[in-house]
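The values are calculated or read from the model by the stated rules, or taken from the named source; none is laboratory data. These figures come from a predicted structure and were not determined experimentally. Every residue, glycine as well, gets a Cβ built from its backbone with ideal geometry; the counts of neighbours run over all protein chains shown.
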Amino acid sequence: MCRLPMRNTRARLITGFAAVQLLSLLAACGRTTPAGPSVSSATTASVGGATSVSRGAAATAMPEPTSGTTVEIARPSNPGGPGAAAAMTGDPKAGALIFAANCKPCHGDAGKVGVSNPGSTDGTVPPLNPIDETLVSKDPKVYAYNLDLFIQHGSTPEGDKPTLKMAAWGDDGKLTQQQIADVIAYIISLNPAK
Ligand code: HEC
């Protein structure tokens, strides 16, 4: 990043010569006016072509779809990169059985109804059918990656005291990587990218 020798400069105290120097420095830094103290800005995970992914769980570089718009993708509260499952081929039929045995109690039959979750801001567990649209991607690798982060590491929903939270199925060894790949394939089959 580009650092300026002066920050929060009070322009009226600068002599004409110094002001010219400062302006050319700012121009060299890609800025034309001394508008604010900070040159760098926080980046967020997004589906904008040029935006870099640099936050917590999203630290591993992934190809970003070039849609031109910037949308913040839902990410789990727990950190960590993708597990092996994100790059594996899953069987949606096997995934349906895994889902019914492990996920249905909270996300409902075929992911259709999230059960009540007192203490969470949303009030319910999120349904997975239809799923949060920011998780959906036309690129199957990106789609699997977005789901994998939640399933591997788990997540605590926003709110004072959520009763239910998403378990870390991968990190805690509750499912194998193949089982996670299968359940990801099943969730994708319920919510095909349009
Ligand atoms: C004890 C209840 C519970 C169980 C069982 C459960 N989840 Fe979750 N799940 C949650 C909660 C709560 C969230 C919301 C987390 C948040 O908002 O940070 C969630 C979020 C998710 C998300 C992200 C969806 C979104 O809209 O943000 C996915 C994907 C997911 N769960 C998949 C699964 C899968 C696959 C299983 C089974 C292997 C499963 N869950 C089992 C409670 C559960």
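Filter segment 124-142 for residues that are more than 21 Å from ASN102 (Cα to Cα) and of a type in the set (Ser, Thr, Tyr) and give the result. Let's see the steps before the verdict.
Residues of segment 124-142 more than 21 Å from ASN102 (Cα to Cα): 133-134, 136-142.
Within segment 124-142, THR134, SER137 meet the criteria.
Okay, residues lined up against (1) outside the structural domain of LYS93 (by TED's automatic domain parsing); (2) surrounded by 17 or more Cβ atoms within 10 Å (Cβ to Cβ); (3) hydrophobic (A, V, I, L, M, F, W, C); (4) away from the ligand (no atom under 11 Å from the Cβ):
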| residue | (1), (2), (3), (4) |
| --- | --- |
| PRO126 | no, yes, no, no |
| VAL142 | no, yes, yes, yes |
| TYR145 | no, yes, no, yes |
| TRP169 | no, yes, yes, no |
| THR176 | no, no, no, yes |
| GLN179 | no, yes, no, no |
Which residue pairs have Cβ atoms under 8 Å apart, sit 6 or more places apart or on different chains, and have a first residue in segment 155-166 that is in contact (Cβ under 8 Å) with a residue 12 or more places away in the chain and a second that is small (Gly, Ala, Ser) and within 6 Å of the ligand (Cβ to nearest atom)?
-> SER155/SER77; THR156/SER77; PRO157/SER77; MET166/SER155
Residue check, LEU164 part of a helix (DSSP H, G or I) and either within 21 Å of the chain's Cα centre (by Cα) or more than 7 Å from the ligand (Cβ to nearest atom) (or both) = no
Sole miss for PRO118 among (1) within 11 Å of the ligand (Cβ to nearest atom); (2) over 17 Å from TYR186 (Cα atoms) is condition (1)
